[in-house]
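Notes to accompany the following structure.
Only the coordinates and a few stated rules stand behind these numbers; no lab work does. A quick note: this is a predicted structure, and the numbers were derived from the prediction, not measured. Neighbour counts run over all protein chains shown; Cβ positions are idealised from the backbone, glycine included.
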Number of protein chains: 2
Amino acid sequence: MRISIDAMGGDFAPAEIVAGSLQAAEKLQGLEKLYLVGDESAIKAELAKHKGPVPSCIEIVHCSEVVGMGESPAVAIRRKKDSSITRSVELVRDGKADAVFSAGNTGAAVAAATLKLRTLKGVSRPAIATVMPTPNQPFVLLDAGANPDSTPEMIQQYAVMGTIYSREILGVENPSVGLLSIGEEAAKGNETTKKTFGLLEKSNLNFKGNVESRDLYGGKVSVAVCDGFVGNVVLKTSEAVASMIGNWLKDMFKRNIFRILGYFLARGVFKEMRKHADPHSYGGAPLLGANGVVIIGHGSSTAFATLNGIRVATEALDHDVNHLIEAELQSITTQS
Amino acid sequence: MRISIDAMGGDFAPAEIVAGSLQAAEKLQGLEKLYLVGDESAIKAELAKHKGPVPSCIEIVHCSEVVGMGESPAVAIRRKKDSSITRSVELVRDGKADAVFSAGNTGAAVAAATLKLRTLKGVSRPAIATVMPTPNQPFVLLDAGANPDSTPEMIQQYAVMGTIYSREILGVENPSVGLLSIGEEAAKGNETTKKTFGLLEKSNLNFKGNVESRDLYGGKVSVAVCDGFVGNVVLKTSEAVASMIGNWLKDMFKRNIFRILGYFLARGVFKEMRKHADPHSYGGAPLLGANGVVIIGHGSSTAFATLNGIRVATEALDHDVNHLIEAELQSITTQS
């Protein structure tokens, strides 16, 4: 497998991205090529920090531009023809790489993938599928932010793509699908969810009806689908509340000597919790529905996250998720 | 002040609602009348449990029906003419009460208020304003669920109503307003938020632009406005994540003797946290924009929550929030 890496994308690029790529080259099976796309001298400087020889599968592809985290994706992709994200995606388009990983500007990665790779047959727009940790089984949430104003038809496609991802990559048998809404009854929700409910009810998916946030974290479904604006709000609200509680606890445990001692005795709890909820261990969210394997890393991706992002890319290739999505969506089109 | 109480609404009605009303009658100043609306014999049975004489301001208004928590609000309000929520709201409409409190089916309370009381001049639809706790100052979130598919004009009205509520009731000087979106730049969001951004930018409100969930919990703004579907998702996701973390911690602290000891030493942390985040201490969310004071309690309202809900109603009356809203919206209409 040949993976192209946007070496300049992310808050800790290129250092952490290059370090994670080196780890991937050493640890993951079946990697023939890892293209590090970005400023050649910056990447070389990072590779020089590596102990031992640079693995032979690593190859630098120089480019002169970077899309910043705050830039408008559409404008950046149009104007910066030689940016690391555009060049990384082009390697996939040109058949030189099988998959791409970027922890840079998410909107720019989605725009580059949509423009350069186009979508799979039957897919209107690619969607970001995020694996969300819970105390028990994780669930897949999509769309987590690629498409605000998703139509019911698009959300139906997300349900098919999420089902295949959950089954093939997370190993869930006959994954159940919930439609994120604000009440369990079919009549609860907004215009989009009500129309989507009708489409999903008629589908051959394992559809469980409307679900609310507490159902998701309670493990009621394996796949939750929603509009991209709503999914992004769920993702960011979850992160914000968890981080607020974490900081608050940290502060409260310092207030007197008994609590400090208590924290010391129970510190394993917090260690386990951080490990369990660490977004870096999931590595990246696949952009499902693009005509090519595209993995989007968190902006704060570390070397560990990059390693895991590349692992996610190899798994998606191994399971040939894209062909399965096309076949499944083809059968929907034939039915209706 | 005369308050009508939907004595049958809520998971713990009528017991907790009646108990909370008795506490309010004893503790709150200026209550001339508390109407307990519902099944007379059930309410009498609860009053009989009270030690000492029933305060003279309490009066039972008998009705024969109850709207269940799972019922369709529109259908229930149309068919159940003699339900406790409808009768409670009618006391306000008929000038016999100044405000109403219900912890029952939220949709039914919104529907009854909208149909029977109508809206304030300049308000398209009343919105639920929820006070959200953070480690520092709370913020007001609206609409928290009354209106899925809110228009930009409706969200602009929410911003005016939230500003007045934050200033008058929470005592915030010149409250800042954020538009909940999925990125800080004006161009980020969906069609509704982009149009709303333009309206808020031109207004004379203290508008801070788009905000994300982490900004809310970080105390960036005093008022956050959004569509009712989105606001309800934020509310329920916050509750779900907080409760998941709480349960997970409880479980983890039981795993070995050191942790149990640690928990014992630091138990004050958890006590403070529960107290700080207790939704019952906020009592209820006002339905702003209805032509009358309507306070909506959490479905799980206890006596303590009921007491606080009645207190919120008296505060809204004291500050004459509704007249201020009408005056402020009048000035917007004149400007544009």
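Note on B:N174 and A:K195: their simple-model spin labels are 4.4 nm apart, each label 7 Å out from Cα toward Cβ. The label point for A:D94 and the one for B:S64, both projected 7 Å from the Cα toward the Cβ, are 8.1 nm apart.
Computed extension length for A:K44-A:D278: 81.3 nm, one decimal, from 0.36 nm per residue of separation with the Cα-Cα distance subtracted. Placing unit charges on the Cβ atoms of the charged side chains and taking the dipole of the protein assembly as shown about its Cα centre, the candidate lying farthest along the positive direction among A:V18, B:G145, B:I182 is A:V18. Inter-copy label distances for A:E59: 8.8 nm (label point placed 7 Å from Cα along Cα→Cβ; shortest first). Contact order, relative form, for the stretch B:129-252: 36 percent (alpha carbon pairs under 8 Å, 6 or more residues apart, mean separation divided by residue count). Computed from the alpha carbon positions, the gyration tensor of the stretch B:59-123 leads to an equivalent ellipsoid with semi-axes of 18, 16, 10 Å, biggest first. Taken residue by residue and averaged, Cβ atoms of other chains lying within 10 Å of the Cβ of B:257-265 number 6. For A:A327, what charge total do you get from the other residues with a beta carbon under 15 Å from its beta carbon, if Lys and Arg give +1 and Asp and Glu give -1? Around A:A327, the charge tally is -2. Beta-bridge orientation, chain A: approximately 20 percent antiparallel, per DSSP, counting only bridges with both partners inside. The modelled label-to-label distance for the pair A:N206/A:F258, using points 7 Å beyond Cα in the direction of Cβ, is 4.8 nm. Legend: mean number of C-beta atoms from other chains within 10 angstrom of residue C-beta atoms, peptide A:177-190, equals 4. Shape class of chain A from the alpha-carbon gyration tensor: oblate, with a/c at 1.5 or above and b/c at least as large as a/b.
Centroid-to-centroid, using Cα positions, the stretch B:299-319 and the stretch B:145-209 are 26 Å apart. Over every Cα atom in the stretch B:286-336, the radius of gyration and the widest Cα-Cα span, Dmax, amount to 13.9, 46 Å.
Need the list of aspartates and glutamates near A:K275 for cross-linking: C-alpha distance under 17 angstrom, and skip anything on the same chain fewer than eight residues off. A:K275 reaches A:E239, B:D251. Can you classify the stretch A:128-281 as rounded, prolate or oblate using the Cα gyration tensor, where a ≥ b ≥ c are the square roots of its eigenvalues, rounded means a/c under 1.5, and otherwise it's prolate if a/b beats b/c and oblate if not? Taking the square roots of the gyration eigenvalues as a ≥ b ≥ c, the stretch A:128-281 is prolate. For B:K208, a cut-off of 17 angstrom between C-alpha atoms picks up these aspartates and glutamates, skipping any fewer than 8 places away in its own chain: B:E173, B:E184, B:E185.
Using a/c under 1.5 as the rounded threshold, could you call the stretch A:1-61 rounded, prolate or oblate? The axes a ≥ b ≥ c are square roots of the C-alpha gyration tensor eigenvalues, and prolate needs a/b larger than b/c, oblate otherwise. Here the stretch A:1-61 falls in the prolate category.
Pairs to check: A:K80/B:K220; A:K121/B:K236; A:K188/A:K236. Give those whose C-alpha atoms are more than 26 Å from each other in this structure.
A:K80/B:K220; A:K121/B:K236
In a reduced charge model with +1 at each Lys and Arg Cβ and -1 at each Asp and Glu Cβ, the protein assembly as shown shows a dipole moment near 1160 debye about its Cα centre. Take every pair of alpha-carbon atoms less than 8 Å apart whose residues are at least six positions apart; their mean separation over the length of chain B yields a relative contact order of 22 percent. Debye calculation, C-alpha points only, no solvent: report log10 I(q)/I(0) for the protein assembly as shown at q = 0.05, 0.07, 0.12 Å⁻¹, in the same order as the q values. Relative scattering, expressed as log10 I(q)/I(0), comes to -0.27, -0.51, -1.29. Inter-part distance, the stretch A:249-281 to the stretch B:216-236, computed on C-alpha centroids, equals 28 Å. From the Kirkwood radius over Cα pairs of the stretch B:1-134, Stokes-Einstein at 10 °C and 1.306 mPa s returns a whole-number translational diffusion coefficient of 104 µm²/s.
Packing-wise, with mean Cβ within 10 Å as the measure, how do A:137-147, B:67-77, A:48-58 rank, highest first?
Values: A:137-147: 25.7, B:67-77: 17.8, A:48-58: 11.6.
Per-residue Cβ counts within 10 Å, averaged per peptide and sorted highest first, yield A:137-147, B:67-77, A:48-58.
Only aspartates and glutamates eight or more places from A:K202 in sequence, or on another chain, were considered; none has a Cα closer than 12 Å.
Report the net charge of residues surrounding B:G95, where surrounding means a beta-carbon distance below 13 angstrom and charges are Lys +1, Arg +1, Asp -1, Glu -1. My count for the surroundings of B:G95 gives +2.
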